[in-house]
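For reference, the structure is listed below as structure tokens.
The values are calculated or read from the model by the stated rules, or taken from the named source; none is laboratory data. Not measured: the values here are computed from a predicted model. We place every Cβ from the backbone using ideal geometry, glycine too, and count neighbours over all the protein chains shown. What goes into the accessible areas is simple: the full protein's heavy atoms, side chains included, and nothing from ligands, DNA or RNA. Shrake-Rupley method; radii C 1.70, N 1.55, O 1.52, S 1.80 Å.
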Amino acid sequence: EGLGEGVTFPAMHAMLSKWAPPNERSRLSSWVYSGASLGSVISMPASGYLCDTYGWESVFYFFGVLGLIWFVAWAWIVTDSPQSHPTISRAEKEYISKCIGSGHSQEAPPVPWRHILTSVPMWALVFTHIAQNWGFYTLLTELPTYMKNILHFDIKDNAAISALPYLLSTILSFIASPVADYFIDHRIMKRSVTRKLFNSLGFCLPAVFLVLAGYSGCDVDSTIVFLALAGGTNSLHYSGLMSTHLDMSPNFAGTLLGITNGFANVMGFLAP
């Protein structure tokens, strides 16, 4: 599964670089990647129900079949760029091409590996992505265990409540990303300052809520609220970190995300 999914995010970033106008990158990145959170909202309760009713094996069969159906739909509907899309309107195609302009080459240029690997901003992005995934994987792997062993929820309740942070994440990503693009489009803040602001909020607010959850004691309701807010406010990083690759180098956004995400996913087994 990891081998197959490893190329997913870089591929989506490569497509976003061709489809997303510069002043809409926050929204489109957030809406695309919030699909991962929405998937958790659906899959966690569904997995709890399937395990409880049909056994743990059913989860793999069910989502495996869904993956095959998704692949057929993707291959049929999705195209690499507006220029190759068969049903896009001429007005929309011209709008996207005009907005992106000469910032993106139609022909794939050679990857400047030396410049990428010696770029200080690039390595700053790597460590930022590592920090993001450390918190993400810690919450993803430990939250169900915490719900079961500390708060004593059964498997179905555990799955449903563990999905709350991802539900709030999906909702907030749809609210926050237009604000980020508004700041950029109306020149309230520079693009780089906007990215840093939203990324900082996406890191610091979850940290505050996790600390508050630790001090909530035996108050189960407060603990759940703080944990949900911790996961939800983390979605602000979509308008920060996850849009920065597109700003730094539209032609190599997929390559940059492949590098940063590769390092960051090491946290999947290093995080608690």
**OP:** Using a 1.4 Å probe and counting only protein heavy atoms, arrange H245, H152 so the residue with the most accessible area comes first.
**Re:** H152, H245
**OP:** Using a Gaussian network model of the chain whose springs link C-alpha atoms within less than 10 Å, name the residue from T79, T138, T223 with the highest mean-square fluctuation.
**Re:** T79
Subject >> Under DSSP loop assignment and at most 12 Cβ neighbours within 10 Å, longest chymotrypsin sites (Phe, Trp or Tyr not before Pro)-free interval of the chain >> reply: 57-214
Subject >> Kirkwood Rh and Cα Rg combined as Rg over Rh, evaluated for the chain >> reply: 0.99
Subject >> Full-extension gain in nm, T145 to Y49, via 0.36 nm per residue minus C-alpha separation >> reply: 32.9 nm
Original post:
Given 0.36 nm per residue, what is the gain on full extension from C99 to F269 after removing their alpha carbon distance, in nm?
Top reply: 57.1 nm
Original post:
Give or take rounding to whole Å, what are the principal axis extents of the alpha carbon atoms in segment 131-183, in descending order?
Top reply: 44, 24, 12
Original post:
So how exposed is D52, as accessible area in Å² (1.4 Å probe, rounded to 10)?
Top reply: 80
Original post:
Using alpha carbon centroids, what distance separates segment 1-79 and segment 169-198, in Å?
Top reply: 24
**OP:** Would you mind classifying segment 2-135 by shape? Square roots of the alpha carbon gyration tensor eigenvalues, ordered a ≥ b ≥ c; an a/c under 1.5 is rounded, otherwise it is prolate if a/b is larger than b/c and oblate if not.
**Re:** oblate
Original post:
With every protein chain present, what is the per residue accessible area of the chain (1.4 Å probe, Å²)?
Top reply: 56
Original post:
Can you list the HN-Hα couplings for segment 92-99, worked out from phi with the Karplus curve (6.51, -1.76, 1.60; θ = phi - 60°), rounded to whole Hz and with x for Gly and Pro?
Top reply: 5, 4, 5, 4, 5, 4, 5, 5
Original post:
Using r as the Cβ-Cβ distance of Y182 and C204, and R0 as 22 Å, what FRET efficiency do you calculate, to the nearest 0.05?
Top reply: 0.55
Subject >> Label-point gap, in nm, between L212 and K196 - each point 7 angstrom along Cα→Cβ >> reply: 2.6
Subject >> Cα-centre dipole for segment 1-155 with unit charges at Cβ (Lys and Arg positive, Asp and Glu negative), debye to 20 >> reply: 600
**OP:** Run the accessible area of segment 140-272 with a 1.4 Å probe and give the carbon-and-sulfur part as a rounded percent.
**Re:** 69
Original post:
Do the sum for the chain: with -39,500 (n - 2.57) for every DSSP H run of n ≥ 4, divided by all residues, what is the mean residue ellipticity at 222 nm, to the nearest 500 deg cm²/dmol?
Top reply: -24500 deg cm²/dmol
**OP:** May I ask you to compute the full-extension gain from S89 to W56, defined as 0.36 nm times their residue separation minus their alpha-carbon distance, rounded to one decimal in nm?
**Re:** 7.3 nm
**OP:** Relative to the longest principal axis of the C-alpha atoms of the chain, give the angle of the C-alpha long axis of helix 57-77, reported between 0 and 90° and rounded to the nearest 10°.
**Re:** 20
